[in-house]
Amino acid sequence: MTDFAPSPSADDTGIPAYAAQLNQPQQQAVLTTEGPVLMLAGAGTGKTAALTARLAHIVATRRAYPSQILCVTFTNKAAREMRERVAGHLGAQSEGIPWLGTFHSICAKMLRRHAELVGLQSNYTIIDTDDQLRLLKQLIADNEIDEKRWPARQLAGLIDRWKNRGLNPDDLDATENESYANGHGQAMYRLYQDRLKALNACDFGDLLLHMLNIFRRHTDVLEEYQKRFRYILVDEYQDTNAVQYLWLRLLAQARKNICVVGDDDQSIYSWRGAEVANILRFETDFPGAHVVRLEQNYRSTPHILGAASGLIRANSDRHEKTLWTEVNGGDKVKVIGVWDAPEEARRVGEEIERLEGEGAPLDQVAILVRAQYQTREFEDRFIQIGVNYRIIGGFRFYERAEIRDALAYLRVIAQPQDDLAFERIYNQPKRGLGAKTLEKMHQHARRTGLPLAAASLELADSDELPKRAANTIGDLMRHFFAWREAAEAMTPSDLLRLVLDETGYNDMLANDRSAESAGRAENLSELARAMEEYETLGDFLEHVSLVMDNDRGDEEETVTIMTIHAAKGLEFDHVFCVGWEEGVFPSQRAIDEGGLASLEEERRLAYVAITRARRQCTILHAANRRIYGQWISSIPSRFIEELPDEHIEQETTMTGGKSLWQANWSENDDPFAHVARDRPDRAQARGPGWQRAIATGYDTKQQRLREPNRSAASFAAKPRSDIAIGAMVHHDKFGTGCVTDQEGNKLEIQFEDHGTKRVIDSFVTVVG
């Protein structure tokens, strides 16, 4: 079984057909079957071709049956692609590779066979994120922990992190224990695991952790799999976390026939547990490992590869490799400096229109951002100029949940009759108003013909609702009245900031310590910044309506907008890398909190961004950016400075030998004064000069906003003519009583069994 048996399809050199088209290092990786192999595969160097040819070679030469090969990927898409390629090499021989799949799918399959060893049954359920959060909320409530201060989502994130590191509840140290609810981390983790066991369930993190525990505690099970798997192949090894690494190392220790494929220069997922150290120490874990470097790139031009390789050399903790290509020519990487983010979007839009005019398909154009909030400028610009686009790895800016919440508040302020908007935010953030309260509000609105907001106010001013719910609604409506008044004196952006503060929305995000909360806060800051370009709330809401109505057919070509993280593994002819300034990229958090390790990961992210480009790569940086409501003077990213001069072409507007922003900052104490003078098209929303200019006549410009903002009282229903003081009436909840006072459609009634109550006349019927 282990003797070399050449494939019948081998050519005269003895190289099998499936390896004949590979370059020499790729062939080495395919034909070196015995012992540990580290395949260092740079971006675009054909790692998948080499990995699948290796799998095909092991089967074709009868070194192992398909069922004796473990091949692990990170995504179902990658697993499907490998199956298809192997089938192309081997035909019918490729059928029945049962252990080719993702880490989670393979461990789930193993766990079905050994579930009883961790207290489960073989028909266990794998719960999703929603079920996990619901379960954790129950446990938090049962243990009288303040869920507002210690959200379930935070605990879920901690548990996921512990499981990614291979930690059971008993493995947590004092620091980890203190990370939740002042010393309740370990206890809550243990309770959660016990509850899952009682439900015969596990979460995704358990699939790997349970199998690691089984291998550690039951050597007979480990030996069974070590004997079964003659060869182990692992894709994207640089993205493995601790529990995946430990699981693989145990499986490979007996035979040591493990081949891992990866690129430490593309390790960019530490925030979800990936450890670049796993690939860096492979030769220590497996002494004598054969290292194959795949450096011939089949994707990009020499200048793109030269720029990327020069940049990544600034990282100290890496395997040395240099990408090269047989392709000749190509443009240098263009580096463009612009004044601000709106100009950045305009410039990219102009370049894309030029490419489209030259016949370049929009599907081969991508804009790569460091953070989701950066997409907003480009979305607005593309809608203005009619360029189709799509957002990958997230919603369009105005479709994100937090943006929709904020817009719903603004819609109710501008239009009190907007029932859909009010229903979205009446209990967001959570105010303790449940489905029953909403049902009563709807019932009263239908009976009286009032908008939902006005109906809720009437209910709050009666005894129809529990006292707590009535007080909460009354407080919310008082805020809406105050916000409508404030809207006449404040800019729309300042109004939004006020609403987010007074509703507790900002506090809700601050208390949510999940990975997503920071991005949601950034998106809301970007929304406020976008509103600065509009004089009235009505103008802004009209703009948003037009943006959200900009649907397109799926068959149309579109520019792709995505984060760099989402772009990994993809490639485009033309790539625009935007926002390359200190504090944006590298991110301020990486600079302030992460130290050298975070900075090196940011640099790897920059390397990934550049190497997505096949033909052209353009990097843009802005001299000024509006961040958290303040204009910030930015300096170009350090990564631009690290690009080799021979591979880049710098383009910056110059004035008297100085850059545009240098000249303008020294010209006047007010750095924005020249904008109103020289660039009237950009004067709007630019500093104190613009604010002074629009101060005169501000009231008349607000007239469109003020007109629809009638108070709820203007919608008050007319009182019933068949009810008068002294009338006997019946109420479904309070029974029979006598009307003692009447104010509009509100009645004060002395009930026989419930005392005096204030109710709305539509809830009672006249007796006798």
If you plug each phi of region 744-759 into the Karplus form 6.51 cos²θ - 1.76 cosθ + 1.60 with θ = phi - 60°, what whole-Hz ³J(HN,Hα) values come out, in order, with x for Gly and Pro? x, 9, 9, 10, 9, 10, 8, 8, 5, 10, 10, x, 7, 9, 9, 9
Quantify, in whole percent, the carbon and sulfur part of the accessible surface of region 309-406 (1.4 Å probe; protein heavy atoms only). 43
So if I take the centroid of the Cα atoms in region 138-157 and the same for region 380-417, what is the distance between those two points in Å? 31
Burial order of peptide ranges 364-376, 188-200 (average beta-carbon count within 10 Å, highest first): 364-376, 188-200
How would Ser493, Ser721, Ser525 line up by accessible area, probe 1.4 Å, largest first? Ser721, Ser525, Ser493
So what's the net charge close to Glu464: Lys and Arg +1, Asp and Glu -1, counting the other residues with Cβ under 15 Å from its Cβ? +3
Which of the three applies to region 22-86, rounded, prolate or oblate, going by the alpha-carbon gyration tensor with a ≥ b ≥ c and a/c under 1.5 meaning rounded? oblate
Roughly how far apart, in whole Å, are the Cα centres of region 158-189 and region 479-550? 36
For Lys440, tell me the accessible area in Å² from a 1.4 Å probe, rounded to the nearest 10. 70
Residue by residue, what Karplus-based ³J(HN,Hα) values in Hz, rounded to whole numbers, does region 24-30 have, using 6.51, -1.76 and 1.60 with θ = phi - 60° and x for Gly and Pro? 4, x, 5, 4, 4, 5, 6
If you count only protein heavy atoms with a 1.4 Å probe, what accessible area per residue comes out for the chain, rounded to a whole Å²? 44
Can you give the accessible area of Val766 in Å² (nearest 10), computed on protein heavy atoms with a 1.4 Å probe? 60
Which whole-number percentage describes the relative contact order of the chain, with Cα contacts under 8 Å and a sequence gap of 6 or more? 14
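If you take the beta carbon distance between Asn328 and Asn23 as r and set R0 to 22 Å, what does 1/(1 + (r/R0)^6) give as a FRET efficiency, to the nearest 0.05?
Numbers: r = 18 Å, r/R0 = 0.80.
Between Asn328 and Asn23 the formula returns 0.80.
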Taking a ≥ b ≥ c as the square roots of the Cα gyration tensor eigenvalues, with a/c under 1.5 meaning rounded and otherwise prolate when a/b beats b/c or oblate if not, region 285-425 comes out prolate
Total charge dipole magnitude, the chain, about the Cα centre, Cβ charges on Lys, Arg, Asp, Glu only, Debye to nearest 20: 1660
Sort Lys436, Lys467 from largest to smallest accessible area, using a 1.4 Å probe on the heavy atoms of the protein chains. Lys436, Lys467
Spin-label pair Glu542/Lys430, simplified geometry with 7 Å Cα→Cβ offset, distance in nm: 4.0
Pairs beyond 31 Å (Cα-Cα), from Lys148/Lys436; Lys163/Lys436; Lys137/Lys757; Lys430/Lys746: Lys163/Lys436; Lys137/Lys757
Dimensions (Å) - the chain, Cα atoms, principal axes, largest first: 108, 76, 50
Between Asp128 and His754, with labels modelled 7 Å along Cα→Cβ, what's the label distance in nm to one decimal, could you check? 4.1
Using only protein heavy atoms and a 1.4 Å probe, report how much of Trp271 is accessible, in Å² to the nearest 10. 150
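Counting only protein heavy atoms and using a 1.4 Å probe, what share of the accessible area of region 31-182 belongs to carbon plus sulfur, as a whole percent?
The computed percentage sits at 46.
How would region 593-652 be classified by its alpha-carbon gyration tensor: rounded, prolate or oblate, with rounded meaning a/c under 1.5 and the a/b versus b/c comparison settling the rest?
The shape class here is oblate.
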Roll a 1.4 angstrom probe over the protein heavy atoms and tell me the percent of accessible area of region 443-593 that is carbon or sulfur. 45
Could you give the nm distance between label points at Arg468 and Asp146, where each point is 7 Å from its Cα heading toward the beta carbon? 1.6
Average projected area of the Cα convex hull of region 34-187, in nm²? 13.1
Could you please put Lys77, Lys757 in sequence from largest to smallest accessible area, using a 1.4 Å probe? Lys77, Lys757
Suppose only helical runs count, i.e. DSSP H with n ≥ 4. What mean residue ellipticity at 222 nm does that imply for the chain under -39500 (n - 2.57) per run, divided by all residues and rounded to the nearest 500 deg cm²/dmol? -13500 deg cm²/dmol
Out of residues 5 or more away from Cys259 or on other chains, whose amide H comes under 5 Å of its own, with H placed 1.01 Å from N in the peptide plane? Val37, Ile232, Leu233, Val234
Phi-based couplings in Hz for region 419-436 (Karplus 6.51, -1.76, 1.60; Gly and Pro marked x): 5, 5, 5, 5, 5, 5, 10, 4, 10, 9, x, 4, 10, x, 9, x, 5, 5
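How large, in Å, is region 281-353 by the Kirkwood hydrodynamic radius built from its alpha-carbon pairs?
15.8
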Dipole of the chain (Lys/Arg Cβ +1, Asp/Glu Cβ -1, origin at the Cα centre): which of Gly474, Gly329, Ser517 lies farthest to the positive side? Ser517
Just to be sure I follow: if Rg is taken over the C-alpha atoms of region 109-156 and Rh is the Kirkwood radius over the same atoms, what is Rg/Rh? 1.15
Region 248-336: GluC sites (Glu not before Pro) falling in loop per DSSP and having at most 16 other Cβ within 10 Å: Glu320, Glu326
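The values are calculated or read from the model by the stated rules, or taken from the named source; none is laboratory data. Since this is a predicted model, take the numbers as computed values, not measurements. Reconstructed Cβ throughout: ideal geometry from the backbone, glycine too, with neighbour counts over all protein chains shown. Just so you know, the surface numbers come from the protein's heavy atoms only, side chains and all, with ligands and any DNA or RNA stripped out. Shrake-Rupley method; radii C 1.70, N 1.55, O 1.52, S 1.80 Å.
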